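Single-structure report; data block below.
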Amino acid sequence: MPDAIMVEGLTKRYGDVTALDGVDLTVPEGTVLGLLGPNGAGKTTTVRILTTLLRPDAGHATVAGLDVVRDAHRLRARIGASGQYAAVDDHLTGAENLEMVGRLYHLGARRSRERARELLDRFDLADAADRPVRGWSGGMRRRLDLAGALVADPPVLFLDEPTTGLDPRARIALWDVIAELVREGTTVLLTTQYLEEADRLADRIAVVDRGRVIARGTAEELKDQVGGDRIELSVTSAASLEHAARALAPLALGEMQVDAVALRMTIPVTGGAAALTQALGHLAAERIAVRDAGLRRPTLDDVFLTLTGRQADERTADDKTEETVR
Ligand code: ATP
């Protein structure tokens, strides 16, 4: 399968800040690559370069066979982008927004109008089509934003944090829409801070941190890389949480995560159910009351924590957008 996106040694500096430090990526046609990383990892910078909005300092990249610098003009007609910085004009109706995008792509007035209606139908926005976007919910605006990226029917789509700030229901609805596009053959590069989102949508994942790709593979491969299982348990008081942490330390393969507010802890172990039985035995011997306990496979959250030493959701406050925008 030919590669729809090919990135080699991409480097970008902003003054003293090295935003990208030699990023390599390949995305085969018709697949989804999840670019996963915390704030400031370099995800948006990568997308901006691949969508021709920014020039790299070094390295090169092709999208749909076109060089992102040399063939920038031609490339623009072959890609769609939606996400953090995509433009939706609040004062226009949904239909007018999409028609405007059609005109920008030189589709002509009639075709732009038709295409707008097709997309509004498809994204379940037909009822709101003639209302100004400023009254729409966050989930509806995201769908419109995605529809805008599809006006010219691009073979390659860039989605920059497509569901950040959405409530869980709106997020799942958008995931369904994206999955359908991929089934139809669109290649997608998706950036996200949500491990669940990468797990759900991406065929392959590249974990980025501080401008570098620090791991890559399928979600399963990344989980296997971290290895073992996790015991999760919750207790009834802060004192027993500390007590339990001490009692179970000998079983832990790596660092335990302790949540003092939720009174929960996660312990990396090996040996599956036997390790859980052993842990419960230790806790019973110490007379520590357990509220609930279970065993699970590592999640991508665990992968991220193991690789970077930081939680994936360590975000800044200004990142948390509201679901409903008035
Ligand atoms: P986020 O999830 O916050 O969007 P990100 O992974 O997309 O994060 P980038 O926006 O690509 O990260 O930023 C990478 C680094 O480059 C960060 O350290 C950021 O502060 C810096 N940076 C990005 N844009 C600029 C700019 N215009 N001027 C200076 N520094 C910048």
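Some observations on this one:
- Note on Arg291 and Arg134: the model spin-label points, each 7 Å out from Cα along the C-beta direction, lie 4.5 nm apart.
- Spatial offset of region 116-178 relative to region 39-62 amounts to 24 Å, using the alpha carbon center of each.
- Contact order normalised by residue count of region 229-296, Cα under 8 Å, 6+ apart, percent: 49
- Kirkwood-based shape ratio for region 229-296, expressed as Rg/Rh from alpha carbons: 0.91
- Rounded to 10°, Cα long-axis angle of helix 273-285 versus longest principal axis of the chain: 50
- Taking only alpha carbon atoms, region 180-300 gives an Rg to Rh ratio of 1.10, where Rh is the Kirkwood radius.
- Counting only protein heavy atoms and a probe of 1.4 Å, the accessible surface of the chain is 48% carbon and sulfur.
- FRET efficiency for the Leu253 to Asp203 pair, using the beta carbon distance and R₀ = 22 Å, is estimated at 0.15.
- Overall, the anisotropy analysis places region 1-144 in the prolate class: the square-rooted eigenvalues a ≥ b ≥ c of its C-alpha gyration tensor yield a/c not less than 1.5, with a/b exceeding b/c.
- With R₀ fixed at 41 Å, the C-beta to C-beta distance from His91 to Ala239 puts the FRET efficiency at about 0.10.
- Accessible area (Å², 1.4 Å probe, nearest 10) - Tyr14: 110
- Ser82, Ser137, reordered so the largest accessible area comes first (probe 1.4 Å): Ser137, Ser82
- The chain - accessible surface per residue (Å², probe 1.4 Å): 49
- Solvent exposure, largest accessible area first (probe 1.4 Å, DNA, RNA and ligands not counted), of His60, His73: His73, His60
- Geometric extent, Cα atoms of region 127-229 - Rg, Dmax (angstrom): 15.6, 54
- Measuring spread by the Cα atoms of region 110-187 yields a radius of gyration and Dmax of 12.4, 37 Å.
- Approximate spin-label separation Ala262-Thr218, in nm, with each point projected 7 Å along Cα-to-Cβ: 2.8
- Using only alpha carbons, the chain has a radius of gyration to Kirkwood radius ratio (Rg to Rh) of 1.05.
- Label sites at Arg55 and Glu29, each approximated as a point 7 angstrom past Cα along Cα to Cβ, lie 3.1 nm apart.
- With K and R counted +1 and D and E -1, the other residues having a Cβ less than 14 Å from that of Asp89 yield a net charge of 0.
The values are calculated or read from the model by the stated rules, or taken from the named source; none is laboratory data. Being a predicted model, the structure only gives us computed values, none of them experimental. Virtual Cβ from ideal backbone geometry, glycine too; neighbours counted across all protein chains shown. Quick note on the areas: whole protein, heavy atoms, side chains included, nothing else; ligands and nucleic acids left out. Shrake-Rupley method; radii C 1.70, N 1.55, O 1.52, S 1.80 Å.
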